[in-house]
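Novice: The following block contains the structure, expressed as structure tokens.
Nothing in this text is a laboratory measurement; each read-out follows from the coordinates by a stated rule. All values derive from a computational prediction rather than experimental measurement. Reconstructed Cβ throughout: ideal geometry from the backbone, glycine too, with neighbour counts over all protein chains shown.
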Amino acid sequence: MTAYILRRLLATIPVMVVVAVFVFFLLRLAPGDPAAIIAGEDATAEQIAAVRGKLGLDRPILEQFVVWVAGMLQGDFGTSIFSNLPVGRLILQRLEPTVSLTLSTLLVAVCFAIPLGVLAAWKARRLVDRLVMGFAVMGFAMPVFLVGYVLIYVFAVRLGWLPVQGYRPLAEGLWPWAECLILPSLALGITYMALIARITRASMLEVLAQDYIRTADSKGLATRRVLLLHALKNASVPIVTVIGIGIALLISGVVITETVFNIPGLGRLTVDAVLKRDYPIVQGLIIVFAAAKVLVNLVIDISYVFLDPRIRY
Amino acid sequence: MHPRARISWPRLGLALAACLAAAMATGTPANAQQKVLRAVLHADVRVLDPIWTTQTIANIHGMLVYDTLFGNDAGMQPKPQMVDTYDITEDKLVYTFTLRDKLKFHDGSPVTTKDVVASLERWGKKDGVGIRLFSFVDKLEAVDDKTFRMTLKKPYGMVLESLGKTNSSVAVIMRAQDAATDPQQQVKEAIGSGPFKFAKDEWVPGSKAVYVKNADYPSRPSSEKAESFAGSKFPGVDRIELVWISDPQTAMSALINGEIDFYENPNIDFYPILEKARGVKLMRTGTLDSTHGMIRLNHLHPPFNNVKGRQAMYYLINQENFLRAIVGDPKYYRICHGLITCGSPLGNDGGSHWFKEYNPKKALQLLKEAGYNGEPITVLAATDHATITPATQVLIQAMREAGINVDAQSMDWGSVVSRRAKKEPPAQGGWNIFVTTTGGVGSANPVLHTWLGAACDKGLFGWPCDAEVEKLRSDYAFALKDEEKAKIARDLQTRAMEQVVYIPFGQWDQMLAYRADRLEGIVPNTGLVVLWNITKK
């Protein structure tokens, strides 16, 4: 197992190199010029060129790439073109809100979706099943921003129970932190609830048709015990895979959620940096996202060993 | 019976409630007793140096942290701020200024004329108006720590207006060591002598910028009426938090819910909702309309390198169509057939006859006479701008109606800003037309209104080239009497319209929204929001 983990970690190196090359050159190919944005509305072409020169953006692209990679190898992600602050610091500032939102969304999604999926499978083709699957279709169909606005209108503006927007760090207290995350987690979590509930149902239906489940039922085991201990555990591998994919999808989902609920996380940092053509930030973020995705995949693969003893690496 | 103890649900409930209460108690912010103004502005503070960039948000930041020698009032007349007294010689060649007492930077060091001279020199190398002013400056010197002198080569009539102007880069006063920074590079610290200190350690670019009250700020006397950037000026709250909410719907909801106190630029679509919201008020930002719409043609390439081709475009402009698409409610917009802001002291109708007729057929006929043979006209079409996007669509529709071959290139505003600087022909990555806006205050003065210039290669994108326009702008700068200025402004606008320096498509006003149940003392100002003097109940 240790050898497998080491092999997988080593395999991330070429992945990260490819990501670095792609992100750097694609950004340079995209239209837009940070110097023009910095110089402002009233700047002449000469003033823009002067700003470009001072930022080093007029140097050959290969030279810029080598400087960036050399910095990265020493743990330096570069400096934001606009704020003049280190990219590493900017990413760290935004990490907590995004991690909090991602984890709370997963928690909400898993806590609601798995019981709903199990229930739907147990009561397959009956009213409960149809209601759960109807909810799943709705969850897929409704865009996150729409759900977000509706939740804000009902629970924040009309009822005044929760804040409209913002984020409070965990260090300021559990409730201030949690109250800022309830609505965003629900808005973002609905899609994942739908996804996980559907997969749980499908996987459970397959397992519930197995002989050993019939045997367990025949020997008089309680339904709850059959469903949760015998069926759900054996149906868990596809569910965990989907949760893993969900984490990767969440990274893109938080962009919209963080915008609607004004959470200062990595998603908003990405959008703002792309719109402003703040190349060092975008490059740093893509590397972080790629590394996160690789690590999540690794954790999911390792978890299979514990969920299904037949799997060996 | 199993020996395990049974759960007591009431006890568990009480324990959970106690935990929750404890968690809520620990969440009380440390600054709960402070008067905090939470404001959402049109953009987030990303750049700390208001000279390095002309972004409006950097200037708003600059005006909180730094102080200025003069501040223009609502009538655009400069009034002393850091300056106590000043003297102008009869020949208008020597200006002597004396600074007020007790001016101190946020690090405790006194403001001296050494700082003033260094700051003005840096500004004079970067800002368009500053460059123009310094082209007439023979000598700028410190007489002593409190007095400095500016000697001109010839009597330039815009010295004080330039020092007090608020569009593009404001002439803020920095510490001499900061002002020694190359103007093409950003000053790293934000230590000024203004009414608020920048809390750099609390700055989260793209999310929040915090300013704390400068208790040492020597406020100008309350007897001086606060008006735009002139008159009484004091830090009215303990702390200002500029919160960046990029989604306008969320920002509006946050204001209605009381999570923010001040919203600089709510979407025009939201005005009816905000008008009805309890505790919220909408406010006009000044006496002038805040925004002025412009269609810029590229004078370097056909068909707009021919004046007839440019004039043809006037026949495609019905300002009402543009303004209805952008604003909708006539209460907030104004038809303006001039290049100098309508409603301002110099606003006039010179050249307005070009707008007398909307006639697409005639537009095409004139274009053909200018040599147009159906080649594609490249329009840079921004897709992500609240006002420029719909205005561009209205223009494209009018051009297509005339039978013009439009090559509408859709892109985000950042790409438009980048591409418009290209002088190459449209087929090689250049352009023919883009739409933009400018501020009503800057456009009210022929010298400060840089888009009105026609300085060829040295001018702004589109590069209009007309010696007569430049001469009239220069004449204005040296005019000393109001009647003379008004006549030059009219002649200038007439000539610029004839040469089609740009095509205006009207002007409109941006309201600000605030919690009237909490805030008092807002100083209305068009263009650059004023956040000092506001007190919180």
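Novice: Could you line up A:1, B:511, A:16 from fewest to most neighbouring Cβ atoms inside 10 Å? Please list the in-between numbers first.
Specialist: Working: A:1 9, B:511 21, A:16 14.
Least crowded to most crowded, the residues run A:1, A:16, B:511.
Novice: Let me ask something else. Just how large is the dipole of the protein assembly as shown about the Cα centre, in debye to the nearest 20, putting +1 at every Lys and Arg Cβ and -1 at every Asp and Glu Cβ? Before the final figure, lay out each step's value.
Specialist: On the way: 90 positive and 78 negative charges, 616 e Å.
Around 2960 debye, computed over the protein assembly as shown.
Novice: Another question, then. Antiparallel DSSP bridges in the protein assembly as shown: what percent, to the nearest 5?
Specialist: Details: 55 of 69 bridges.
That works out to approximately 80 percent antiparallel.
Novice: Taking Rh as the Kirkwood radius computed over C-alpha pairs, what is the Stokes-Einstein D of region B:125-185 at 37 °C in a medium of viscosity 0.692 mPa s, expressed in µm² per second? Don't jump to the answer; show the numbers that get you there.
Specialist: Numbers: Rh = 12.9 Å.
D = 255 µm²/s.
Novice: How charged is the neighbourhood of residue B:277? Take every other residue with its Cβ under 12 Å from the Cβ of residue B:277, and add Lys/Arg as +1 and Asp/Glu as -1. Present the calculation step by step, with values, prior to reporting the outcome.
Specialist: On the way: positive: B:276, B:278, B:281, B:515; negative: B:275, B:517.
Taking every other residue near residue B:277 into account, the sum is +2.
Novice: Classify chain B from the C-alpha gyration tensor, please: rounded if a/c falls under 1.5, else prolate or oblate depending on whether a/b exceeds b/c. Present the calculation step by step, with values, prior to reporting the outcome.
Specialist: Details: a/c = 2.15, a/b = 1.26, b/c = 1.71.
Here chain B falls in the oblate category.
Novice: Could you bin all the Cα-Cα distances of region B:245-297 into 10 Å bins starting at 0 and give me the percent of pairs in each, rounded to whole numbers?
Specialist: 20, 48, 23, 7, 1
Novice: Now for a different question. Taking 0.36 nm per residue of separation and subtracting the Cα-Cα distance, what length does fully extending residue A:99 through residue A:140 add?
Specialist: Working: separation 41, 0.36 × 41 = 14.76 nm, distance 2.30 nm.
Computed gain between residue A:99 and residue A:140 is 12.5 nm.
Novice: Given N residues in region B:68-167, what is its alpha carbon radius of gyration divided by 2.2 N^0.38 Å?
Specialist: Details: Rg = 13.0 Å, N = 100, 2.2 N^0.38 = 12.7 Å.
Dividing the Cα radius of gyration by 2.2 N^0.38 Å gives 1.03.
Novice: Continuing with this model, one more query. In angstroms, what radius of gyration and Dmax does the protein assembly as shown have, counting Cα atoms only?
Specialist: That works out to 31.1, 112 Å for Rg and Dmax.
Novice: Sticking with this structure for a sec: Sort A:261, B:322, B:478 so that the residue with the fewest other Cβ atoms within 10 Å of its own Cβ comes first and the one with the most comes last.
Specialist: Ranked by crowding around the Cβ, least crowded first: B:478, B:322, A:261.
Novice: Can you give the log10 of the normalised intensity I(q)/I(0) at q = 0.15, 0.19 Å⁻¹, computed with Debye over equal Cα scatterers of region A:46-130?
Specialist: -0.75, -0.96
Novice: Could you give each residue of region B:464-474 its phi-based ³J(HN,Hα) in whole Hz, using Karplus coefficients 6.51, -1.76, 1.60 with θ = phi - 60°, and x for Gly or Pro?
Specialist: Each residue of region B:464-474 in turn: x, 9, 8, 5, 5, 4, 5, 5, 5, 5, 5 Hz.
Novice: Taking the Cβ of residue A:269 as the centre, find all other residues whose Cβ is under 12 Å away and add up their charges (Lys, Arg: +1; Asp, Glu: -1). The partial results should precede the final answer.
Specialist: Values: positive: A:89, A:94, A:268, A:276, B:46; negative: A:258, A:272, A:278, B:44.
Once all neighbours under 12 Å are counted, the net charge is +1.
Novice: Follow-up. According to the square roots a ≥ b ≥ c of the eigenvalues of the Cα gyration tensor, what is the shape class of region B:330-394, taking rounded for a/c under 1.5, prolate for a/b larger than b/c otherwise, and oblate for the remainder? Before the final figure, lay out the partial values.
Specialist: Working: a/c = 2.51, a/b = 1.30, b/c = 1.93.
Since a/c reaches 1.5 but b/c is at least a/b, the shape of region B:330-394 is classed as oblate.
Novice: With no solvent and one point per C-alpha, what does the Debye sum give as log10 I(q)/I(0) for region B:365-451 at q = 0.16, 0.18, 0.23 Å⁻¹?
Specialist: -0.74, -0.89, -1.14
Novice: For region B:44-76 and region B:406-437, what is the centre-to-centre distance using only Cα atoms, to the nearest Å?
Specialist: The two parts, judged by their Cα centres, are 29 Å apart.
Novice: Another question, then. To the nearest 0.05, what FRET efficiency results for residue A:16 and residue A:299 with a Förster distance of 25 Å applied to their C-beta separation? Provide the component values of the computation, followed by the final result.
Specialist: Values: r = 17 Å, r/R0 = 0.69.
Efficiency, from the Cβ-Cβ distance: 0.90.
Novice: Mean 1/r over all different Cα pairs, inverted: what Kirkwood radius does region A:1-157 give, in Å? Provide the component values of the computation, followed by the final result.
Specialist: Numbers: mean 1/r = 0.0470 Å⁻¹.
Across region A:1-157, the inverse of the average 1/r is 21.3 Å.
Novice: Please list the three semi-axes, largest first and in whole Å, of the ellipsoid equivalent to region A:203-243, using sqrt of 5 times the eigenvalues of its alpha carbon gyration tensor. Before the final figure, lay out each step's value.
Specialist: On the way: eigenvalues 82, 20, 7 Å².
Value: 20, 10, 6 Å, ordered largest first.
Novice: A follow-up question, please. Length gain on complete extension for the stretch residue B:131 to residue B:202, per 0.36 nm per residue less the alpha carbon to alpha carbon distance? Kindly include the intermediate steps, with their values, before the conclusion.
Specialist: Working: separation 71, 0.36 × 71 = 25.56 nm, distance 3.48 nm.
Value of the extension gain: 22.1 nm.
Novice: Might you report the magnitude of the Cβ-based charge dipole of chain B about its Cα centre, with Lys and Arg at +1 and Asp and Glu at -1, to the nearest 20 debye?
Specialist: Details: 63 positive and 59 negative charges, 217 e Å.
In total the dipole reaches around 1040 debye.
Novice: Can I ask one more? Please give the net charge around residue B:483, taking every other residue with its beta carbon less than 14 angstrom from that of residue B:483, where Lys and Arg add +1 and Asp and Glu add -1. Display every interim value, and only then the final one.
Specialist: Numbers: positive: B:481, B:485, B:487, B:490; negative: B:475, B:482, B:484, B:491.
Computed value for this residue: 0.
Novice: With the crude spin-label approximation of a point 7 Å out along Cα→Cβ, what separation in nm comes out for residue A:229 versus residue B:480?
Specialist: For the pair residue A:229/residue B:480, the computed spacing is 10.3 nm.
Novice: Turning to a different aspect of this structure: I'd like the trypsin sites (Lys or Arg not before Pro) in region A:130-227 restricted to DSSP loop residues with at most 11 other Cβ atoms within 10 Å, sorted by number. Numbers along the way, then the final one.
Specialist: Details: sites: A:130, A:158, A:198, A:201, A:214, A:219, A:224, A:225; in loops: A:219.
Those satisfying the criteria are A:219.
Novice: Still on this model: Could you pull the Rg and Dmax for region A:160-300, using just the Cα atoms, both in Å?
Specialist: Looking at region A:160-300, its Cα Rg and Dmax stand at 20.3, 66 Å.
Novice: Let me ask something additional. Under 5 Å between amide hydrogens, which residues at least 5 positions from residue B:410 or on another chain qualify, with H placed 1.01 Å from N in the peptide plane?
Specialist: When sequence neighbours closer than 5 places are left aside, the close amide H contacts are B:381.
Novice: Indicate the gyration tensor shape class of region B:386-436 (rounded, prolate or oblate), computed on the Cα atoms with a ≥ b ≥ c the square roots of the eigenvalues: a/c under 1.5 is rounded; otherwise a/b larger than b/c is prolate and the rest oblate.
Specialist: Values: a/c = 2.59, a/b = 1.22, b/c = 2.13.
In terms of gyration-tensor shape, oblate.
Novice: On to the next question. Calculated FRET efficiency, residue B:90 and residue B:516, Cβ-Cβ r, R0 41 Å, to nearest 0.05?
Specialist: On the way: r = 50 Å, r/R0 = 1.21.
E(calc), rounded to 0.05, equals 0.25.
Novice: List the trypsin sites (Lys or Arg not before Pro) in region B:88-174 that DSSP assigns to loop (not H, G, I, E or B) and whose Cβ has at most 12 other Cβ atoms within 10 Å. Which are they?
Specialist: On the way: sites: B:92, B:100, B:102, B:104, B:114, B:122, B:125, B:126, B:132, B:139, B:146, B:149, B:153, B:165; in loops: B:92, B:100, B:102, B:146, B:153, B:165.
The qualifying sites are B:102, B:153.
Novice: Between region A:80-139 and region A:1-77, how far is it from one alpha carbon centroid to the other, in angstrom?
Specialist: 31
Novice: Let me ask something else. For region A:230-313, which trypsin sites (Lys or Arg not before Pro) pass both filters: DSSP loop (anything but H, G, I, E, B) and at most 14 other C-beta atoms within 10 Å? Please report the intermediate quantities before stating the final value.
Specialist: Values: sites: A:233, A:268, A:276, A:277, A:293, A:310, A:312; in loops: A:277, A:310, A:312.
Sites meeting the loop and neighbour criteria: A:310, A:312.
Novice: Here's something else I'd like to know. Along the Cα→Cβ direction, 7 angstrom out, place labels at residue B:188 and residue B:308. What is the inter-label distance in nm?
Specialist: The modelled label-to-label distance comes out at 6.0 nm.
Novice: Still on this structure: Report, ordered by chain and residue number, the aspartates and glutamates lying within cross-link reach of residue A:219, taken as a straight Cα distance under 13 Å and ignoring same-chain residues fewer than 8 apart.
Specialist: Within reach: A:211.
Novice: Using a simple spin-label model with points 7 Å from Cα along the Cα→Cβ vector, what separation in nm is obtained for residue B:385 and residue B:407?
Specialist: The modelled label-to-label distance comes out at 2.1 nm.
Novice: What does the charge dipole of region B:196-313 about its Cα centre add up to, to the nearest 20 debye, if the Cβ of each Lys and Arg holds +1 and the Cβ of each Asp and Glu holds -1?
Specialist: Working: 15 positive and 14 negative charges, 99 e Å.
Magnitude of the dipole: close to 480 debye.
Novice: Another question, then. By count of other Cβ within 10 Å, fewest leading, how are B:281, B:197 ordered? Working shown, then result.
Specialist: Numbers: B:281 16, B:197 24.
Starting with the residue having the fewest Cβ neighbours, the order is B:281, B:197.
Novice: Which translational diffusion coefficient, to the nearest whole µm²/s, is obtained for region B:167-276 from the Stokes-Einstein equation, given a Kirkwood hydrodynamic radius over C-alpha pairs, 20 °C and 1.002 mPa s? Walk me through the intermediate numbers first.
Specialist: On the way: Rh = 16.9 Å.
Answer from the Stokes-Einstein relation: 127 µm²/s.
Novice: Which value, in Å³ per residue, describes the convex hull spanned by the Cα atoms of region B:211-273?
Specialist: Values: hull volume 7.7 nm³, N = 63.
Normalising the Cα hull of region B:211-273 by residue number yields 123 Å³.
Novice: Another one. Determine, at each q value in 0.06 (inverse angstroms), the log₁₀ of I(q)/I(0) that the Debye formula gives when each Cα of chain A is one equal point scatterer.
Specialist: Per q value, in the given order, log10 I(q)/I(0) is -0.29.
Novice: I've got another one for you. May I have the extent of the alpha carbons of region A:114-170 along their three principal axes, as whole Å values ordered from largest to smallest?
Specialist: So the extents along the principal axes, rounded to whole Å, are 42, 26, 19.
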